[in-house]
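Engineer: Pasting a structure below so you can have a look.
FYI, it's all coordinate maths here, none of it is from the lab. Since the structure is predicted, the reported quantities are computational estimates derived from the model, not experimental observations. FYI the Cβ positions are ideal-geometry reconstructions off the backbone, even for glycines, and counts take in every protein chain you see.
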């Protein structure tokens, strides 16, 4: 059940990250959702492993959005080259 919740939060985090990140993104909504889910998994499990927050806390959602923004920026830089 935790994985499904992380995927759902990742979808939301991806779309929020896309609205936060400045610039023109040429990727579609599916790639945005995939990067949001990846950022959510990365942020939630890394933060919990480091003991920064427990699963289900609001800090985990904020970290998911930050992780998704970072992944969107990295993919944008890679695609630009």
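Engineer: The list [x] 19.7, 54; [y] 15.0, 42; [z] 12.3, 39 gives values of Rg and Dmax of the Cα atoms in Å, and only one came from this structure; which label was calculated from it?
Structural biologist: Working out Rg and Dmax of the Cα atoms in Å from the coordinates points to [z].
Engineer: Mind checking the angle between helix 58-80 and the chain's longest principal axis? C-alpha axes, 0 to 90 degrees, to the nearest 10.
Structural biologist: 30
Engineer: Still on this model: Cα axis of helix 2-20 to longest principal axis of the chain: angle in degrees, 0 to 90, nearest 10?
Structural biologist: Helix 2-20 sits at roughly 40 degrees to that axis.
Engineer: Here's something else I'd like to know. Once every DSSP H run of n ≥ 4 in the chain is given -39500 (n - 2.57) and the sum is divided by its residues, what mean residue ellipticity at 222 nm do you get, rounded to the nearest 500 deg cm²/dmol? Walk me through the numbers before you get to the answer.
Structural biologist: Details: 3 runs with 63 residues, N = 81.
Roughly -27000 deg cm²/dmol at 222 nm, from the helical runs in the chain.
Engineer: Going by C-beta contacts inside 10 Å, put 80, 21 in order with the fewest on the left. Spell out each step's value before the answer.
Structural biologist: Details: 80 6, 21 15.
Least to most surrounded, the residues fall as 80, 21.
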